[in-house]
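Notes follow once the structure below has been shown.
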Amino acid sequence: MTLPRGYRYSATFAGIRKQRKDDLALIVSDKPASAAAVFTQNRVQAAPVRIARFHLTQSRGQVSAVLINAGNANCSTRTGDRVALACCEAAARQLRVPVEQVFPASTGVIGVELDSGLIINALPDLIARLAPKRFADAAAAILTTDTVMKVAHEKIILRRSPARIAGMTKGSGMIQPNMATTLGFVMTDAAIAPSALSPILARAVKRTYNCISVDGDTSTNDSLLVLANGASGVQPNEKELPKFEEALTAVLESLAKQIVRDGEGARKLVTIEVSGASNDDAAIQMARAIANSPLVKTAIAGSDPNWGRILSAAGNSGVVFDPSKVDIHLQDVPVCLSGVAADFSEAEMKEKLDERDCSIRVTLHGRGTGCARFWTCDLTEKYIEINGSYRT
């Protein structure tokens, strides 16, 4: 992986988790980076989400450090804001940066008081071990119920010189970002002002993180941050910004799909495509309804080509369409044409649905050109087993 220039990373065990595993990560930009972020739309929001919003406003979109803890969400507690602020202040003092340029993030159990002393006492070691090559250590430290580390990168040529993008994310359950628990941090060494970075991120998120679902729940802590520190010396002009946006979207799509593939108890990644809707928003609405249907998800888990469940979920989505014109394909095989059963081999279809990557394609044949792509996973008994206990 080719990492962006001008960033250092670190991770350590602060004692937040029950098991001895790194639970504190730090990302530092050698100079203040332009920043853009999106956050959870859950009305219940964790303290670090509130503080991060406030700091971004106060700093006018400048971030020097990102401080992330895993094992405790710092949400719905009596001391949440005080803890988040105290940790930011301690990090700012030791890094010698303005406190409003420290971006906090937390993930883990909700409703348990977080001891700020654990984080503050771990900061000297965390900072001393900062290094450009410790990207993977930081990416591993932010995981909770995840079973694999999730990273992605892209390299693009801007003004005849390269710029790099690298991202890390976590999330396995409580996933339906509507900007899971989802945290994402993406770094680039391109020079882009916050005013330009924010709309780029908003559009990229709409096509990626906001098009995934594991269990239909939106976390209290969802945060996705993009940093651009300009260390490459490359500043995209107006004609090059779409190229950067395309690369950023590719990184976010890879990260988002990795989250779904690692969904709690999941065995299959399911790609849902809807076309022929009145507009893209309607297509996304229908795709999300299909993705969140327990009947559809369990059918996929059992390799059951029960297309009626898909059509029913589409009908419950609130999107206006003509059922008699709908075609449905599973694994590119037509199972429903013009709203009725197509001629297909159920045995062969079951075999195709045993694959780890499954596809559902719904064509509405309406007058509109709205289309969407959405990702989800199957729903297995393992999900229930995992969610019978607190996540750490």
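The values are calculated or read from the model by the stated rules, or taken from the named source; none is laboratory data. Quick caveat: nothing in here was measured; it's all calculated off a predicted structure. All Cβ positions, glycine included, derive from the backbone under ideal geometry; neighbour counts span all protein chains shown. These area figures cover heavy atoms from the full protein model, side chains too; ligands, DNA and RNA do not enter into them. Shrake-Rupley method; radii C 1.70, N 1.55, O 1.52, S 1.80 Å.
Inter-part distance, the stretch 192-207 to the stretch 75-136, computed on C-alpha centroids, equals 26 Å. Each residue of the stretch 295-312 is assigned a 3J(HN,Hα), and the resulting list reads 5, 5, 5, 6, 5, 5, 4, x, 6, 9, x, 7, 5, x, 5, 5, 5, 5 Hz, derived from the Karplus form 6.51 cos²θ - 1.76 cosθ + 1.60 (θ = phi - 60°), x at Gly and Pro. A P(r) calculated from all alpha carbon pairs of the stretch 95-208, with 5 Å bins opening at zero, reads 2, 8, 13, 20, 22, 17, 12, 4, 1, 0, 0 percent. As a calculated quantity, the FRET efficiency between Ala131 and Lys350 at R0 = 56 Å, using C-beta atoms, amounts to about 0.65.
Normalised by 2.2 N^0.38 Å, where N is the number of residues, the C-alpha radius of gyration of the stretch 250-368 stands at 1.03. With the whole protein complex present, Asp322 retains an accessible surface near 60 Å², based on a 1.4 Å probe. Of all DSSP-defined beta bridges confined to the chain, some 70% are antiparallel rather than parallel. Rounded to the nearest Hz, the phi-derived 3J(HN,Hα) couplings of the stretch 90-95 under the Karplus curve 6.51 cos²θ - 1.76 cosθ + 1.60 (θ = phi - 60°) are 5, 5, 4, 4, 6, 8, where x marks glycine and proline. So what's Rg/Rh here for the stretch 2-60, counting alpha carbon atoms and using the Kirkwood radius for Rh? Result for the stretch 2-60 is an Rg/Rh of 1.04. Compactness check for the chain: Cα Rg over 2.2 N^0.38 Å is 1.02.
What number does the stretch 286-333 give for Rg over Rh if you use C-alpha atoms and the Kirkwood radius? For the stretch 286-333, the value is 0.95. Could you provide, to the nearest whole Å², the per residue accessible area of the stretch 38-162 with probe 1.4 Å? Each residue of the stretch 38-162 exposes 46 Å² on average to a 1.4 Å probe. Only protein atoms count toward the accessible area here, which uses a 1.4 Å probe; on the stretch 66-158, the carbon and sulfur part of that area reaches 53 percent. Going down the table (Lys150/Lys243; Lys155/Lys257; Lys243/Lys268), which pairs top 26 Å between alpha carbons? Beyond 26 Å between Cα atoms: Lys243/Lys268.
In this structure, the amide hydrogen of Val326, modeled 1.01 Å from its nitrogen in the peptide plane, lies closer than 5 angstrom to those of Ser338, Gly339, counting only residues at least 5 positions away or on a different chain. If you take the alpha carbon atoms of the stretch 40-103 and fit the smallest convex hull around them, that volume is 84 Å³ per residue. The fraction of accessible area contributed by carbon and sulfur in the stretch 252-392 is 49 percent, rounded to a whole number (1.4 Å probe; ligands and nucleic acids excluded). Put +1 on the Cβ of every Lys and Arg and -1 on every Asp and Glu Cβ in the chain; which of Leu183, Ile310, Cys336 then has its Cα farthest towards the positive end of the dipole? The residue sitting farthest along the positive end of the dipole is Leu183. Each residue of the stretch 39-55 was assigned a 3J(HN,Hα) from its phi angle through the Karplus curve 6.51 cos²θ - 1.76 cosθ + 1.60 (θ = phi - 60°); the sequence is 10, 4, 9, 5, 5, 8, 10, 5, 4, x, 5, 5, 5, 4, 4, 4, 5 Hz, with glycine and proline shown as x. For the stretch 215-335, the solvent-accessible area with a 1.4 angstrom probe is 36 square angstrom per residue.
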